[in-house]
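Trainee: For reference, the structure I am asking about is given below.
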Amino acid sequence: MDTSHTDDIELFETLAKARDELTAAIGSRIVGQDAVVEAMLVSLFAGGHSLFIGVPGLAKTLLVSTVADALGLEFGRVQFTPDLMPADITGTEVLDQDRDSGRREMRFLRGPVFTNLLLADEINRAPAKTQAALLQAMAEGTVTAGGTAHPLQPPFLVFATQNPIEQEGTYPLPEAQLDRFMFSIHVDYPTESEEVAIVERTTTGDPVSIQPVLDKATLVRLQQLVRRLPTSTDVHRFAVRLARATRPKESPVALVNEMVSWGAGPRASQFLALGARVRAALHGHEVPSPADVRAVAHSVLDHRVVVSFKAESAGLTSADIVDAVLAEVSES
């Protein structure tokens, strides 16, 4: 028997088990938000970065830190502010002098980006040059300082939060940086019963401690496994059709041609296919289906579709456009 094949089977079983254990661990601290948790886990095991969009007080920060605890990951948090500088994230070079020899040399002091899971809190509150400091790290897993490349050790993920309400003193992320995020995950208000449970859980007793479910090495192996799992050409073609249908002038969806300025690029097709594969694996299915593509479509496409002024005037959002695309684009 092929040893590598046997190892993959064991890893696949570990992945489905890890999903249940992670969901239970997160649920011991976070009430509700099942769709948010599932999207987050898909992004996590795909090795993709995520942007969490929601008003303050919805436990976005607690959710990210809980996942870090449950995976035994090094966790870093940066509060983005207008005066935050790129070096405050990536690190900086300092002049260091040896006490014995008196020799001076430049030494790189690593910033908070050198971690496993970085929470970029309220990322749109920092100016563009500071936001861009994350670009190379997110795209290449490397930080360059003083002409020297400093690799980030896997796993490395950026989970950023953004407040959609307050616009004064904020700097909208440019499309190029938005495209670096695999998912945009919308965090909504809890239901009334969930909010009652939140109040009861957080105002009595001691904080819940989380025991690690996986170690870092196993997480990296699972991230590598999902890219080796089988898939189907039909799923790839459906993913590509969805992405292309968001692009004006070539879309079969009339609403797109009328209301969209820019559609999703090829990276969206890749993330749709990868997200579908990971979601299927988390639910114990070796091969993804078009239903898995549909399940991750909003997370992948919403932040990549730029609606026109006409659409904004009509009260249409990118999510409305994606709904129209999903309704009109066939799976075969």
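Trainee: Find the helices (runs of 4 or more DSSP H) located wholly in region 57-161 whose residues include 3 or more that are under 16 Å from Q177 (Cα atoms) and modelled with pLDDT of 80 or more, and list them.
Mentor: Counting at least 3 such residues, we get 128-131, 133-140.
Trainee: A follow-up question, please. Considering only residues that are at pLDDT 85 or above and of a type in the set (S, T, N, Q), look in region 162-206 and name the one that is surrounded by the most Cβ atoms within 10 Å (Cβ to Cβ).
Mentor: S184
Trainee: Something else about it: L225 - would you say it is touching a residue at least 12 places away in the same chain (Cβ under 8 Å), within 19 Å of V322 (Cβ to Cβ) and either of a type outside the set (V, I, T) or crowded, with 17+ Cβ neighbours inside 10 Å (or both)?
Mentor: Judged against the criteria, L225 is not a match.
Trainee: May I pose another question? Among the helices (runs of 4 or more DSSP H) confined wholly to region 247-309, which include 1 or more residues that are in contact with a His (Cβ under 9 Å, 6 or more places away or on another chain)? Step through it out loud before you land on a result.
Mentor: Numbers: elements: 254-259, 266-282, 290-301.
Correct list: 266-282, 290-301.
Trainee: So the check is Cβ under 6 Å with 6+ separation or different chains; which pairs have a first residue in region 89-111 that's within 25 Å of R77 (Cβ to Cβ) and a second one that's surrounded by 10 or more Cβ atoms within 10 Å (Cβ to Cβ) and acidic (D, E)?
Mentor: Pairs found: R107/D96; F108/E93.
Trainee: Now a separate question. Would you confirm whether or not region 151-168 contains a residue that is hydroxyl-bearing (S, T, Y) and over 19 Å from S318 (Cα atoms)?
Mentor: No, there is no match, as no residue in region 151-168 is hydroxyl-bearing (S, T, Y) and over 19 Å from S318 (Cα atoms).
Trainee: Considering region 37-64 alone, what residues qualify as being touching a helix residue (DSSP H, G or I) at 6+ places or on another chain (Cβ under 7 Å), crowded, with 22+ Cβ neighbours inside 10 Å and of a type in the set (V, I, T)?
Mentor: V42
Trainee: Tell me yes or no: at least one residue of region 252-271 is modelled with pLDDT of 90 or more, within 25 Å of G47 (Cα to Cα) and either aliphatic (A, V, I, L, M) or assigned by TED's automatic domain parsing to the domain that holds F45 (or both).
Mentor: So far as region 252-271 goes, yes, one or more of its residues are modelled with pLDDT of 90 or more, within 25 Å of G47 (Cα to Cα) and either aliphatic (A, V, I, L, M) or assigned by TED's automatic domain parsing to the domain that holds F45 (or both).
Trainee: May I ask you to say which residue of R247, R277 is in the same structural domain as D320 (by TED's automatic domain parsing), in contact with a helix residue (DSSP H, G or I) (Cβ under 8 Å, 6 or more places away or on another chain), charged (D, E, K, R) and within 29 Å of F309 (Cα to Cα)?
Mentor: One residue alone meets the criteria, R247.
Trainee: Looking at region 178-221, which of its residues are of a type in the set (V, I, T) and either without any contact (Cβ under 8 Å) to a residue 40 or more places away in the chain or not in a helix (DSSP H, G or I) (or both)?
Mentor: Of everything in region 178-221, those that are of a type in the set (V, I, T) and either without any contact (Cβ under 8 Å) to a residue 40 or more places away in the chain or not in a helix (DSSP H, G or I) (or both) turn out to be I185, V187, T191, V196, V199, T202, T203, T204, V208, I210, V213.
Trainee: Any chance you could count how many residues in region 239-271 are within 22 Å of the chain's Cα centre (by Cα), over 30 Å from D7 (Cβ atoms) and of a type in the set (A, V, I, L, M, F, W, C)?
Mentor: Result for region 239-271: 6.
The values are calculated or read from the model by the stated rules, or taken from the named source; none is laboratory data. Bear in mind the structure is a predicted one, so any value in this text is a computation, not a measurement. Here the Cβ is made from the backbone with ideal geometry for all residues, glycine too, and neighbour counts use every protein chain on show.
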